[in-house]
1. Assuming Glu39 fulfils every condition listed in (1) more than 11 Å from the ligand (Cβ to nearest atom); (2) surrounded by fewer than 18 Cβ atoms within 10 Å (Cβ to Cβ); (3) modelled with pLDDT of 95 or more apart from one, which condition is it?
2. Which one of the conditions (1) touching a helix residue (DSSP H, G or I) at 6+ places or on another chain (Cβ under 7 Å); (2) part of a helix (DSSP H, G or I); (3) within 13 Å of the ligand (Cβ to nearest atom); (4) within 24 Å of Phe117 (Cα to Cα) does Leu225 fail to meet, given that it meets all the rest?
3. Considering the range 206-226 alone, what residues qualify as being crowded, with 18+ Cβ neighbours inside 10 Å and either over 19 Å from the mean Cα position of the chain (by Cα) or aliphatic (A, V, I, L, M) (or both)?
4. Does the range 227-238 hold any residues that are buried (at least 17 other Cβ atoms within 10 Å of the Cβ), in contact with a Ser or Thr (Cβ under 8 Å, 6 or more places away or on another chain) and of a type outside the set (Gly, Ala, Ser), and which are they?
5. Of all residues in the range 146-194 being within 13 Å of the ligand (Cβ to nearest atom) and part of a strand (DSSP E or B), which is farthest from Ile238 (Cα to Cα)?
6. Assess whether Ala208 counts as being farther than 20 Å from Asn112 by Cβ, touching a strand residue (DSSP E or B) at 6+ places or on another chain (Cβ under 8 Å) and hydrophobic (A, V, I, L, M, F, W, C).
7. Please go through (1) assigned to a helix (DSSP H, G or I); (2) of a type outside the set (Lys, Arg); (3) within 15 Å of the ligand (Cβ to nearest atom) for Pro241 and return the number of the only condition it doesn't satisfy.
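The values are calculated or read from the model by the stated rules, or taken from the named source; none is laboratory data. In this text the structure is predicted, and so the values were computed from the model without any measurement. As a convention, Cβ positions derive from the backbone with ideal geometry for all residues, glycine included, and neighbour counts pool all protein chains shown.
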Amino acid sequence: MRLDGKVAIITGAASGMGAATAELFAREGARVVVADLLETEGAEIVSKIASADGVARFQGLDVTDESNWDAVVANAVSEFGKVDILVNNAGVSGSHPDILNTDTWDEQMNVNAKGVFLGMRAVIPPMQKSGGGSIVNISSISGFVGQKFVHMGYNAAKGAVRLATKAAAVQFARENIRVNSVHPGIMPAMRTSKMTADPEVRAKMIRAVPAGREGKVEEVANANLFLASDESSYVTGIEVPVDGGFLAQ
Ligand SMILES: NC(=O)c1ccc[n+]([C@@H]2O[C@H](COP(=O)([O-])OP(=O)(O)OC[C@H]3O[C@@H](n4cnc5c(N)ncnc54)[C@H](O)[C@@H]3O)[C@@H](O)[C@H]2O)c1
């Protein structure tokens, strides 16, 4: 198994790509902390994992709350002994109809950018103590290019994730902590998607994808797995688009 003996915290793991990543990591032998705001949905993922003989626990987390983060990491260390992997995946959609709305800018920066920083801030000390770790930050194609139907705060936040990833990679490489970013393309709509959940808008977006289809959550989970595992032991500070060729154009 590719994550045998590892302990992984995955944020936003009650839904979408986070849930797919949690299930895959558990199948590969990791003990998984399913961290999310959504308790009922998170508990369902935990029982799915348990019924496939995996090990997982739900943990309530608001990624914007520093003390919440400290509790998540302390609980993981006391229950599982260490933290090897963090997937900073939780996020809110930027497909807000009012693309000049200031509250949306603040929400985007708070959840999608600061939430990722707070996650790194919380797990790096225990990783330093245990001799290393792997952090996978979920950005987006929106961390590279602007899009018509997306608030610029989403692009700014995802761009911040892309570069904060490189800063952390450089700063902690000597301590065997690797930090990489994954950039999903057009995926199934997020729970919070507005305009981009509209079938007409989606059809237009998919026409712009060289592969001619949206991605599957498992395809992102597979990229996360490679970066989380020791197979990528000399890989740090890179960007991995999982986008059907969108950014290659
Ligand atoms: N779906 C897409 O098209 C797409 C494309 C590129 C990147 N992404 C990014 O991928 C990640 C996962 O998206 P998804 O499509 O699985 O979305 P989703 O809406 O299905 O899942 C997001 C999860 O994050 C959780 N979450 C939101 N705010 C939180 C908070 N403050 N604290 C803790 N948990 C919180 C939600 O409860 C939810 O379970 C996000 O970072 C998103 O920006 C999505």
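1. Answer for Glu39: the failing condition is (1).
2. Every condition holds for Leu225 apart from (3).
3. Val209, Val217, Val220, Ala221, Ala223, Leu225
4. Residue satisfying the conditions is Leu227 alone.
5. Taking the candidates together, the pick is Pro184.
6. The answer is no for Ala208.
7. (1)
The rows are residues; the columns are (1) surrounded by 23 or more Cβ atoms within 10 Å (Cβ to Cβ); (2) touching a residue at least 60 places away in the same chain (Cβ under 8 Å); (3) of a type in the set (D, E, K, R).
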| position | (1), (2), (3) |
| --- | --- |
| Ala14 | yes, no, no |
| Ala26 | yes, no, no |
| Ser47 | no, no, no |
| Ser51 | no, no, no |
| Arg57 | no, no, yes |
| Asp70 | no, no, yes |
| Ala76 | yes, yes, no |
